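Trainee: I am attaching a structure below and will ask some questions about it afterwards.
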Amino acid sequence: MISVDNVSVIHGGSPLFSNITFNINDGDKIALMGKNGAGKSTLLKIIAGVNKPSSGSVSAPKDYVVAYLPQHLLTADDCTVMEEASKAFASYLSMKEEIESINEQLTIRTDYESEEYYKLIEKVSELSEKFYAIEEINYEAAVEKVLLGLGFLREDFTRSTSEFSGGWRMRIELAKILLQNPDLILLDEPTNHLDIESIQWLEDFLLTKAKAVVVISHDRAFVDNITTRTIEVTMGRIYDYKAKYSHYLELRKERREQQQKHYEEQQRFIADTTQFIDRFKGTYSKTLQVQSRVKMLEKLEIVEVDEVDTSALKLRFPPSPRSGKYPVIVQEMSKSYGNQILFRDASLTIEQGQKVAFVGKNGAGKSTLIKAIMGQIEFEGKCELGHNALIGYFAQNQASLLDESLSIFETIDQLAVGEVRTKVKDILGAFLFRGDDINKKVKVLSGGEKTRLAMIKLLLQPVNLLILDEPTNHLDMKTKDIIKDALKAFDGTLILVSHDRDFLDGLATKVFEFGNQRVREHFEDINGFLRNKKLENLREVERK
């Protein structure tokens, strides 16, 4: 069991959270929830021992193993995928090598009566006792099983890690964590770089093999499938629910309704009391009553309602300049990398005002086709953009391209022109950046806050063709809903790459399915697409 005792963190002179206390027990599967910037990643780093709290402590039993997967990391470039993943067994292999080395020395040495010889015997006995207490590990088979489960092919095992993108390096690091068989696994947005088949594999692993888990994730289905307890971080404190995410939402709604009711009752009491004080403060016969009420107000603990309800926020993209009838026409396009063929003879036409989804497993060519449309890569075949097509593009790594030396306000203000300059604060407020938050430097923002800021940049100039590649990675669920509503109202053309069925539902009206070296067109929304293919969810699409 891990104990988090009265942990507080001060950021920039103001508290991020104060006196947080809870336990993580064996078998717990916990979702750590809260809006972007509430302190979830910071709390996870403190539990992992990566960061120190301003006050308070985290304690664990001796030899308790905690494994932590951060949002962003870099894997070494000097070894193969297999070698890097096998580092999970470094201590086991090191112990084995040391035992073999000592046994070899004992075989060739002849000073049987010496003190050094006896020390070697004692050391090898101690090591052997530890080593043979560990269940014998066929580590190569274990590494292979986990790498295959996370989407690697056998031919990838001997490739250098330097050949892989950041998302695939994240999978290597995740493999190392899972192979360590830790007492507690801490995962910060683990599904952002996984296709849906790998997400399902990870779900099964965490449910059947993991001892205890704390996860930050904005993937509703993933969180609901693996967790049985939800800890919400909000306004500097926590609420601990013994419930999975979907049930927690209902309980949170009830809690906030009660808070609102108590807040309104207290405000009426304060108004009535203040009115009495103002009316009778100069009246001698009422002096004691007035003083009593003044003291009562001074001691009153003000009821707070957690987080501002942003459900009424409406975010709109600027009106789209008129484009041609067909903003994107692709004819017999083929693309391969070496011997790997992504797709052949792909043809598709997207009409002005259509909202389409690209779906399929990672590596099937979704992002590649977008890069071809953007003119960023070479390909076989034709790709034409329609008359007056003005593209707004959000790449998977868009948040990492922000200038970290600027503040939130400066990032947007330097791009705003004309009348928009007078609305910068309103736009930032719509994306939940309010008050002093707008002066924060980009470098201190969470992954979700950076994604929100990068999304705002799309709003600053009118476009008529929006291309969004996994835009919801790192976004909290409230922000996802705000963006989804804005995209529904967008009067231009939308191409959306996403694994998130909930986000696509009611947004995309046509689906292009990538797989088996083909791109297939389906004339229905995401639910109709799945229904006609007799599939329950997008995971099954990506398994095909």
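The values are calculated or read from the model by the stated rules, or taken from the named source; none is laboratory data. Not measured: the values here are computed from a predicted model. Don't worry about glycine lacking a Cβ; one is built from the backbone with ideal geometry, like all the others, and counts go over all protein chains shown. Calculation scope for accessible area: heavy atoms of the full protein, side chains included, ligands and nucleic acids excluded. Shrake-Rupley method; radii C 1.70, N 1.55, O 1.52, S 1.80 Å.
Trainee: Quick one, can you get me the convex hull of the C-alpha atoms of segment 221-335 expressed as volume per residue in Å³?
Mentor: So the per-residue Cα hull volume is 235 Å³.
Trainee: Can you put 498, 59, 128 in order of accessible area, largest first, using a 1.4 Å probe?
Mentor: 59, 128, 498
Trainee: Same structure, new question: Over the Cα atoms of the chain, what Rg and Dmax result, in angstrom?
Mentor: Both quantities, over Cα of the chain: 28.5, 105 Å.
Trainee: Considering only DSSP beta bridges whose two residues both sit in the chain, what percent are antiparallel, to the nearest 5? Display every interim value, and only then the final one.
Mentor: Working: 35 of 67 bridges.
Rounded to the nearest five, the antiparallel share is 50 percent.
Trainee: Quick one: work out Rg over Rh on the C-alpha atoms of segment 340-486, Rh as Kirkwood radius.
Mentor: For segment 340-486, the value is 1.00.
Trainee: Rounded to the nearest 0.05, what FRET efficiency is calculated for residue 107 and residue 64 with R0 set to 35 Å and r the Cβ-Cβ distance?
Mentor: 0.40
Trainee: Probe 1.4 Å, all protein chains in place: accessible area of residue 35 in Å², nearest 10?
Mentor: Only protein atoms counted, so the area is about 80 Å².
Trainee: What's the extension gain from residue 116 to residue 140 if we count 0.36 nm per residue and subtract their Cα-Cα distance?
Mentor: Gain on extension, residue 116 to residue 140, equals 5.1 nm.
Trainee: Okay, next question. Treat each spin label as a single point 7 Å out from the Cα along the C-beta direction, and report the residue 345 to residue 376 distance in nm.
Mentor: Placing both labels 7 Å beyond Cα along the Cβ direction yields 2.9 nm.
Trainee: Working with all protein chains in place, sort 387, 474, 262 by solvent-accessible area computed with a 1.4 Å probe, largest first.
Mentor: Per-residue accessible area, sorted high to low, gives 387, 262, 474.
Trainee: Is the C-alpha gyration tensor of segment 286-391 telling us rounded, prolate or oblate? Criteria: a/c under 1.5 is rounded; beyond that, a/b larger than b/c is prolate, otherwise oblate. Walk me through the numbers on the way to the answer.
Mentor: Working: a/c = 6.18, a/b = 3.06, b/c = 2.02.
Prolate, because a/c is 1.5 or more and a/b exceeds b/c.
Trainee: Right, another one. So for the pair residue 246, residue 436, with labels modelled 7 Å out along Cα→Cβ, what separation do we get in nm?
Mentor: 4.1
Trainee: Right, another one. Can you give the extra length, in nm with one decimal, that the chain gains between residue 211 and residue 19 once fully stretched, where that is 0.36 nm per residue apart less the Cα-Cα distance? Intermediate results must be reported in sequence, preceding the final value.
Mentor: On the way: separation 192, 0.36 × 192 = 69.12 nm, distance 2.68 nm.
This chain segment gains 66.4 nm when fully extended.
Trainee: Putting +1 on Lys and Arg Cβ atoms and -1 on Asp and Glu Cβ atoms, find which of 15, 127, 158 reaches farthest to the positive end of the dipole of the chain.
Mentor: Result: 15, furthest along the dipole toward the positive end.
Trainee: Ranked from the most accessible area to the least, with a 1.4 Å probe and all protein chains present, what is the order of 219, 469?
Mentor: Working: 219 40, 469 5 Å².
Largest accessible area first, the list is 219, 469.
Trainee: Here's another thing I want to ask about it. Modelled label-to-label distance, residue 405 and residue 1, 7 Å Cα→beta-carbon offset: nm?
Mentor: 5.1
Trainee: If you average the alpha carbon positions of segment 14-43 and of segment 451-529, how far apart do those two centres end up, in angstrom?
Mentor: If you average the Cα positions of each part, the centres end up 30 Å apart.
Trainee: Further, regarding this structure: Over the chain, give the accessible area per residue in Å² for a 1.4 Å probe, as an integer.
Mentor: On a per-residue basis, 51 Å².
Trainee: For segment 10-121, how big is the tail of P(r) above 24 Å, as a whole percent of Cα pairs?
Mentor: Result for the distance tail: 55 percent.
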